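The values are calculated or read from the model by the stated rules, or taken from the named source; none is laboratory data. No experiment lies behind these values; they were computed from the predicted model shown. No Cβ is skipped: glycine too gets one built from the backbone with ideal geometry, and neighbour counts run over all protein chains shown. Only protein heavy atoms, including side chains, enter the accessible area calculation; ligands, DNA and RNA are left aside. Shrake-Rupley method; radii C 1.70, N 1.55, O 1.52, S 1.80 Å.
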Amino acid sequence: MATVEDFHAIEMKIGTIMTAEYIEGADKLLKLTVDFGEAEPRQILSGIREYYQPEELIGKQCPFVTNLEPRTMRGLTSYGMILAVGVADGGAVLLHPDKEVPAGSALR
């Protein structure tokens, strides 16, 4: 069981996806550029290529974990993780706020 302190250690924020593109040679990954209201947008790699086309993600707001250790995949570094629902058929469904919120808004 996780404690409340464990939960509070995870930083989750809403990010606005600015760009999304295929990564050459990667059949599962998309490279996202995400605005969190910080000085610079973040690069985040996500294994959602099978479920979403890059163009349908532009402008979408989604929750992300933003305080993970950076992770390098396919020679690119990811600075966060998008949150998604795993569905019975093995797919993934992204979550969205029901109205627009400022980029970088914290989940609580």
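Points worth noting:
- Placing +1 on each Lys and Arg Cβ and -1 on each Asp and Glu Cβ, with no other charges, gives the chain a dipole about its Cα centre of roughly 60 debye.
- Contact order normalised by residue count of the chain, Cα under 8 Å, 6+ apart, percent: 30 percent
- Between the labelled values (1) 17, 17, 12; (2) 39, 17, 10; (3) 21, 16, 16, the entry that holds semi-axes √(5λ) of the Cα gyration tensor in Å as derived from this structure is (3).
- Computed in the context of the full set of protein chains, the accessible area of segment 4-97 at 1.4 Å probe radius has 52% of its extent on carbon or sulfur.
- Between Asp89 and Met18, the contour length at 0.36 nm per residue exceeds the Cα-Cα span by 22.7 nm.
- Among Pro41, Ala26, Tyr79 - extreme Cα towards positive end, dipole of segment 4-97, charges at beta-carbon: Ala26
- Heavy atoms of the protein chains alone define the surface here; on that basis segment 4-97 has 58 Å² accessible area per residue at 1.4 Å probe size.
- Nitroxide proxy distance, nm - points 7 Å out along Cα→Cβ at Tyr51 and Leu68: 1.4 nm
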